[in-house]
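Below is one structure, written out as structure tokens, with a few remarks after it.
FYI, it's all coordinate maths here, none of it is from the lab. Predicted, not measured: the structure shown is a model, and the values here were computed from it. Here the Cβ is made from the backbone with ideal geometry for all residues, glycine too, and neighbour counts use every protein chain on show.
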Amino acid sequence: MNKSKRLKYDEVRERVERSHQMVLGDTQALGTIQINLLVKYNAWLMQELLNRGLADFGLSAPAYIAMTMINSSTDQTVNPSDLSLCTGETRANMTRICDDLVAQGLLQRVTSSVDRRRIDLSLTTAGLDLLKQVVPKMREKNRKIFSVFSDEERDVLEKSLFKLLNAMESSV
């Protein structure tokens, strides 16, 4: 999200609140809608911070996640379609991202060991070397983001988010 084009959270909340008041005809508080907005807005900001940190390495968040998924797979190869499931990107956009990573020499196309008609992707030595530089930086960035919480607060937040995730996953 481009910071210069991003509304402040309070402005977004006020607009949503005003819209709800117009539709419902009352001044009822947002309640759980505010929690939804906070989660969404924090996710946007975290994505922006992640992309800023990755830009120093010439990567985007989806490219970083794709490289991580390839590295963590059993045989270190993944089909581009499967990467779109991991990143939330469309297949077309994932293809473009992978093409860019291949052009940068970070990924290579390999014939699938399961189906010789299928082309998979694997990390090159340069891709693995880049991950070895990026992962510690991203872990440090995340540590700084969450340093506003005590250990106990982080534990409560993590448990609460897992509880929410499990409830939503079972509803989808």
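With a 10 Å Cβ neighbour count serving as the proxy for reagent exposure, in which order, fewest first, do Met67, Met46, Met168 appear?
Fewest-to-most Cβ neighbours within 10 Å comes out as Met168, Met46, Met67.
Loop only per DSSP, at most 15 neighbouring Cβ atoms within 10 Å: give me the trypsin sites (Lys or Arg not before Pro) in the stretch 66-172, ordered by residue number.
Those satisfying the criteria are Arg116, Arg117, Arg118.
What is the distance, in nm, between label points placed 7 Å from the Cα along the Cα-to-Cβ direction at Arg96 and at Leu7?
Reported label-point gap for Arg96 and Leu7 is 2.6 nm.
If you filter the stretch 65-172 for chymotrypsin sites (Phe, Trp or Tyr not before Pro), then keep DSSP loop positions with at most 14 other Cβ within 10 Å, what is left?
Phe149
Return the single residue from Thr27, Thr111, Thr77 with maximal mean-square fluctuation; model: Gaussian network over the chain, springs between Cα atoms under 10 Å.
Thr27
For the stretch 3-63 and the stretch 106-142, what is the centre-to-centre distance using only Cα atoms, to the nearest Å?
Centre-to-centre (Cα) distance: 31 Å.
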